[in-house]
Structure formats: C-alpha cells, structure tokens
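Asks: Pasting a structure here, questions to come.
The values are calculated or read from the model by the stated rules, or taken from the named source; none is laboratory data. If you're wondering where the values come from, they're calculated on a predicted model, not measured in any experiment. No Cβ is skipped: glycine too gets one built from the backbone with ideal geometry, and neighbour counts run over all protein chains shown. Accessible surface areas use protein heavy atoms only, side chains included; no ligands, DNA or RNA. Shrake-Rupley method; radii C 1.70, N 1.55, O 1.52, S 1.80 Å.
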Amino acid sequence: MGELWEGMRQAVWLVVTLDPDLVEISLRSLRVTLSALLIASMIALPLAAVLTVQRFRFRRLTVATLNALMGLPPVVVGLIVYIILSRGGPLGVLGLLFTPWAMVIAQVVIIVPLIASVAHQSLRELWSEYHDLLISLSTTKRQRIAALLWDGRRALLTAALAGFGRAIGEVGAIMIVGGNIEHVTRVLTTAIVLETGKGDFALALALGFILIAMAIVINFAIHNLSRTETEGRW
Amino acid sequence: MTSILPLRAEGAELRFRGKLLVGPVDVSLGAKGVTIVLGPNGSGKTSLLRMLHGLECPSAGQVRWAVPMHETFEKQAFVFQSPIMMRRTVRDNLAYPLRLSGVARAEARDRADHWAARVGLQDALDRQATVLSGGEQQKLALARALIRDPQVLFLDEPCASLDGRATREIEETLVAAAAAGTRLVMSTHDMGQARRLADEVLFLLHGKVQAFGPARAFFDHPPSAQARAFIKGDIVE
Ligand SMILES: Nc1ncnc2c1ncn2[C@@H]1O[C@H](COP(=O)(O)OP(=O)(O)OP(=O)(O)O)[C@@H](O)[C@H]1O
Ligand SMILES: [Mg+2]
C-alpha cells in the first residue's frame, strides 16, 4: 500500500515538473494519433457523405461492412498491418514497420469504420431533413455533399473526437506494429504496459493521468457539441 | 428571357408501390396568374405539386415545360408545407440558392439582406434559422424560394400553421411576386385565401381533377355537388 502511495506522489511530481520522458511520450502519442485522426477523417467523412447521398448497388452492404469493421479487435488489426508491412509482406519495401507511421496506419484502420459509421448516421438524419429542399434547388451531388458536410460539421466533429478517443487509448495494435521502442515508437499506452510490468508505478501512473485527462477533455467536448447541436446554435 | 411556360401535364399519374396517389392529370398552366389547388386531405394536392415541380417523376404520362426540363430547374422553386430550414443563419439560408447559381459572396449577401427586409426578417439575419418561429420560418422559406426570381413558384399550404397576421404578410409577398410576373401554383385549405388569391382553381378529389378553370366561375357556380359542398366547408365523400 505504501508503495502505491509513494508511486502516486511521484506521479504527481512527474506531471507537475513536466518530466522530459513524460512530455516526450505524451507528445509522440498526440502526434501519432492526430496524424491518424486527420488521415482517417479525410477518408471517413467523405465516405460517409457519399454513402448518404449516392445510391449504388452495394450501399447497404458497404454500410453493414463498416458497422461490422467497427467491432474488429484492434489486436487483429495490428496483426494484419504487421503482416502487410513486414519485410516479406506486400508493403515491406516501404520499411515502415516499427516506425510511428506503422502506428498511424494501424490507428487509421481502427478508427475509419468508427468515424464513418457515426458520421453516416448523423448525415443520414440531416439528409432526410434536407432532401426535398436540395433536390428542389437542383443541386449537384457535389453540392449536396458539401452542404451536408458543412451543416453537419458539429456532428462530424463529434464522430472525429470519438475516433480520437479510441485511437489514443489503443494499445494492442500499436504495440505489435510499433514495437514500443524507446525514443521512437513508445507512446502513452505502450509505455504504461512496460512500466507496469517493470513495477515502476510512478511513471505508469503519471502517463495514466495524462491519458485520463485527455479522455475527460474529449468526452466533455463531445457532450458540449451534442448539447449545442440540439439547441441548434453554434 | 425565354419563358418556361406553359406547363402541360398529359395523362400524368403518380403512383407509390402501385397505389395511385394522383392522376391522370391533364392540365395546362399558362404564362400568368395564380392557380389555387383545392381538395380535402389526402386528395393528392401535395403529390400533384411535387410531380409538377419535378420532385417526383410521373409513373405514367408526362409533365412538359415549354423548354427542356433541365433548363427549368433554376427557374422554378417550391415552398414546402413544413419549412425546411438549413442549419445556418437566416442570411446564409437566403444566400444559399444564389451561391448555388454562382452569384459572388458579397452580392449574394446583399440580396439576402434585401429579401430579409422584404419579409420582415431584417433583425433576424444573424440568427440560426432553426430557432425561428413557425411563421418566421415560413417567411424565410418563401423569401429563399423567391430570391432566384423564379418564373414559377409552387407552394404547398404555406400558411397551414400560421396565424392571421403571418398569413396576411405571406399573402402580401405573394401578391407582389405575382404582380412582378411570377407564376404561382399553390395549394391551400383556407377558402378565404383561395378567394383572395386565385385566378384559377384546380379542384382535386381522390386524386382526380374534378374541376379546373377560372376562380370566379368556380366559386360562383360550383361545377359539381362535391365542389359546392367543399366550398361550403362540408365533408366531401
Ligand atoms: N410517399 C407516400 N407513400 C405512400 N402514400 C403516399 C405518399 N405520399 C402520399 N401518399 C398518399 O397519397 C394520397 C395523397 O396524398 P397527398 O399528400 O398528395 O394529399 P394532400 O391533398 O396533400 O393531403 P393534405 O391536405 O393532408 O396535405 C394520400 O392517400 C396519401 O396517403
Ligand atoms: Mg398535402
């Protein structure tokens, strides 16, 4: 018990004094996850909009597939990305395995289905509201997508934040493809696993605090966004 | 500017899963005036207006304009029974159709401000359209429909849930638009409004056109027992 309290005390100290290791790891986590979020959003949001306004043969199947992919275990994603990026794999020549980019790729794969599904649901609602008006104004497909993305931006931001939360807290996949290499691919979650294993609760807890703080900030933002959404104000 | 009128419906029918909603309709709408579409609930007024506007494709027959269909799109507009508000400010709602037609941002803004003033929304320009009252929303929808200066404007019971004052303001805007040459085709349940505005009446019953002709004749000498009963406010079977 005493050891735990001591760890707690040191953890707070590490956070307060901005311990270099802690800062480095936190910043890397943010960099990796924000990159993944940016790329995933650029794929998922237009995809959601196209799925909303475009009728094509496999639309229902695509939506169902996205929903199913949401439930994909991250460890399995890690495994697949590992195989693809490993030296003998199809993208082995790129030499991305055990770099931050490998982690970005894994996170993108994990959160694209999540962001696309959540975004698709709210865009579909908006589209059923707008449908008659936008058809009556004889908008092009492109204009419809633009209107939905712009007027649904708060809901889309919510979807993106959910993706961010999922990505930053993920450990299984990025452990596999990143390798938790010090000063290279060590991020918040993988570092926690390592430090806990070593019995160094101080750093593990300090990293945990950072992670929790991020989660709280994100959920607060999501809550605020969905509240203002229903009030119809920015 | 070439006119997209007359509009001709020839044997036009609208079906949903085989069920006839309205038709066959054979009417011709000339270049000028106000056509009021009358009929009890479920008689097919909304279906008819949507089909004429091009929101629905006729399941049989055809709806033809004086020019090819695609040339009519920007020259007609529709006001829905329950206003569709974009989640934007009043100003941005008004500017939207103009921006679609390629009008520059500054000019679109000026014209939006001008139209807001015309329907009495000049103080609401920066408010979110979704928080306006029902009457304000319908005025906004009307101004947004008129802002591209359409040749033909369809309105589906635009005053259905409005009080007398808001109704009168909408009517004033409509009369001004008609005087400026916009062709109006409007459904209503309000017999007083029909008498005030109509040049021409189209009376629907069970999806069929029961009567179509000058308003004066329709009200003074109802062409059928059903029309007479409907004008008096009786239930029409
Ligand atoms: N999308 C639809 N699917 C199935 N039936 C429909 C649809 N739209 C309309 N109908 C049916 O078509 C008929 C005509 O409906 P419509 O809405 O055109 O009547 P209306 O004259 O506008 O009625 P109201 O005065 O109540 O607005 C009704 O029987 C209605 O139930
Ligand atoms: Mg109707």
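Asks: Report whether or not B:Arg15 is within 15 Å of ligand 1 (Cβ to nearest atom), closer than 17 Å to B:Leu153 by Cβ and open to solvent by 20 Å² or more (accessible area, probe 1.4 Å).
Replies: no
Asks: While we're here: Please go through segment B:122-163 and pick out each residue that is in contact with a helix residue (DSSP H, G or I) (Cβ under 6 Å, 6 or more places away or on another chain), open to solvent by 10 Å² or more (accessible area, probe 1.4 Å) and within 16 Å of ligand 1 (Cβ to nearest atom).
Replies: Of everything in segment B:122-163, those that are in contact with a helix residue (DSSP H, G or I) (Cβ under 6 Å, 6 or more places away or on another chain), open to solvent by 10 Å² or more (accessible area, probe 1.4 Å) and within 16 Å of ligand 1 (Cβ to nearest atom) turn out to be B:Cys159, B:Ser161, B:Leu162.
Conditions (1) within 16 Å of ligand 1 (Cβ to nearest atom); (2) over 21 Å from the mean Cα position of the chain (by Cα); (3) surrounded by fewer than 17 Cβ atoms within 10 Å (Cβ to Cβ), marked per residue:
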position	(1), (2), (3)
B:Leu48	yes, no, no
B:Arg87	no, yes, no
B:Tyr96	no, no, no
B:Gly102	no, yes, yes
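Asks: Among the residues of segment B:32-46, what is the count of those that are of a type in the set (Lys, Arg) and away from ligand 1 (no atom under 15 Å from the Cβ)? Step through it out loud before you land on a result.
Replies: In the first step, residues of segment B:32-46 are kept if they are of a type in the set (Lys, Arg); the result is B:32, B:45.
Pick out the ones that are also away from ligand 1 (no atom under 15 Å from the Cβ) and you get B:32.
Qualifying residue count, segment B:32-46: 1.
Asks: Go through the residues of segment B:146-163 one by one and say whether even a single one is without any contact (Cβ under 8 Å) to a residue 40 or more places away in the chain and either within 21 Å of A:Ala146 (Cα to Cα) or part of a helix (DSSP H, G or I) (or both).
Replies: no
Asks: Shifting gears a bit: Output the qualifying pairs, or none if there are none: Cβ atoms under 6 angstrom, residues six or more apart or on different chains, first residue in segment B:1-13 and closer than 12 Å to B:Gly54 by Cβ, second residue hydroxyl-bearing (Ser, Thr, Tyr).
Replies: That search, which allows pairs on different chains as well, returns B:Ile4/B:Thr72.
Asks: What tally of residues in segment B:81-96 results from selecting those that are of a type outside the set (Lys, Arg) and touching a helix residue (DSSP H, G or I) at 6+ places or on another chain (Cβ under 6 Å)?
Replies: Residues flagged as of a type outside the set (Lys, Arg) and touching a helix residue (DSSP H, G or I) at 6+ places or on another chain (Cβ under 6 Å) within segment B:81-96 amount to 8.
Asks: Among the residues of segment B:70-88, what is the count of those that are within 21 Å of B:Thr46 (Cβ to Cβ) and not in a loop (DSSP other than H, G, I, E, B)?
Replies: Final tally of qualifying residues: 5.
Asks: Against the definition (more than 14 Å from every other protein chain (Cβ to nearest Cβ), open to solvent by 50 Å² or more (accessible area, probe 1.4 Å), more than 17 Å from the chain's Cα centre (by Cα) and away from ligand 2 (no atom under 16 Å from the Cβ)), how does B:Asp26 come out, yes or no?
Replies: Taking the combined requirement at face value, the residue satisfies it.
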